[in-house]
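In what follows, a single structure is set out as structure tokens and then discussed.
The values are calculated or read from the model by the stated rules, or taken from the named source; none is laboratory data. The structure displayed is predicted, hence computed values, not measured ones. Ideal geometry is used to build each Cβ from the backbone, glycine not excepted, and the neighbour counts take in all protein chains shown.
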Amino acid sequence: MGESRDLLTPEQRSLNMSKIRGKNTKPELLVRRLLHAKGYRYRLHGRASGGKLPGSPDLVFAGRRKVIFVNGCFWHFHDCKAGQHAPTGNADFWAAKRNRTRERDAGQRELLRASGWEVLTVWECELRDRSALENQLTQFLDGGRTGSSSAARRN
């Protein structure tokens with residue numbers, strides 16, 4: 001296979017990348033609207049009564065000691081098709097960057113759990129099945145300590 005070339009100049013690529021958000025993404029807003037409509041109330045982006053939480057979870061349910069991360073499959077290296085798509089241009093850079101993100105995420109989840117928080121990760125690919133997503137969120141927020149039936153979903 002030949003090496004792929006980026007069709008954009010470094011300046012154009014930089015501009016495109018600078019527009020990618022870390023907060024208030026479309027997947028996050030969808031989860032927030034769904035939970036709000038079901039009557040759940042939360043704080044945003046890692047704020048709890050005691051200050052900022054490790055990893056700045058997207059949704060914090062302080063009274064329940066539960067947090068939810070809403071992750072993009074590509075950026076956080078999920079095991080679905082979108083998450084496993086590897087860029088061909090500058091492949092070593094992207095592999096290292098995505099692996100660092102995966103390792104950082106795991107460390108932040110562990111810090112949260114060690115502090116007594118339950119953690120759920122909702123992946124962008126899981127938003128396609130709204131009914132399953134609602135069940136997953138409700139089970140996590142109202143159910144026991146498992147959070148979801150799939151370890152992959154919690155991670």
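All of G89, G83 fail the test of being of a type in the set (G, A, S) and within 28 Å of L44 (Cβ to Cβ), apart from G83. Any chance the range 127-136 includes a residue that's of a type outside the set (D, E), over 30 Å from L7 (Cβ atoms) and in contact with a Gly (Cβ under 8 Å, 6 or more places away or on another chain)? Scanning the range 127-136 turns up no residue that is of a type outside the set (D, E), over 30 Å from L7 (Cβ atoms) and in contact with a Gly (Cβ under 8 Å, 6 or more places away or on another chain).
Contact annotation: residue pairs with Cβ atoms under 6 Å, 6 or more positions apart or on different chains, pairing a residue in the range 58-78 that is β-branched (V, I, T) with a partner that is surrounded by fewer than 19 Cβ atoms within 10 Å (Cβ to Cβ), are V60/R43; V60/A48; V70/P27. Pairing each residue of the range 86-99 that is surrounded by 11 or more Cβ atoms within 10 Å (Cβ to Cβ) with any residue that is modelled with pLDDT of 80 or more and not hydrophobic (A, V, I, L, M, F, W, C), provided the two are 6+ apart or on different chains, yields C-beta distances under 8 Å for R98/H76.
Suppose we filter the range 49-97 for residues that are in a strand (DSSP E or B) and either touching a Pro at 6+ places or on another chain (Cβ under 8 Å) or closer than 12 Å to W123 by Cα (or both); how many remain? Steps first, answer last, please.
Initially, the range 49-97 is screened for residues in a strand (DSSP E or B), giving 51-52, 59-61, 66-71.
Now drop any that are not either touching a Pro at 6+ places or on another chain (Cβ under 8 Å) or closer than 12 Å to W123 by Cα (or both), which leaves 67-71.
Counting residues in the range 49-97 that are in a strand (DSSP E or B) and either touching a Pro at 6+ places or on another chain (Cβ under 8 Å) or closer than 12 Å to W123 by Cα (or both) gives 5.
For E3, state whether it is in a helix (DSSP H, G or I) and either modelled with pLDDT of 80 or more or loosely packed, with under 11 Cβ neighbours inside 10 Å (or both). Give the derivation first.
On the way: in a helix (DSSP H, G or I): no; either modelled with pLDDT of 80 or more or loosely packed, with under 11 Cβ neighbours inside 10 Å (or both): yes.
Here the answer is no, as E3 does not meet what is asked.
Scan the range 110-141 for residues that are of a type in the set (K, R) and at pLDDT below 95 and report the count. Within the range 110-141, residues that are of a type in the set (K, R) and at pLDDT below 95 number 2.
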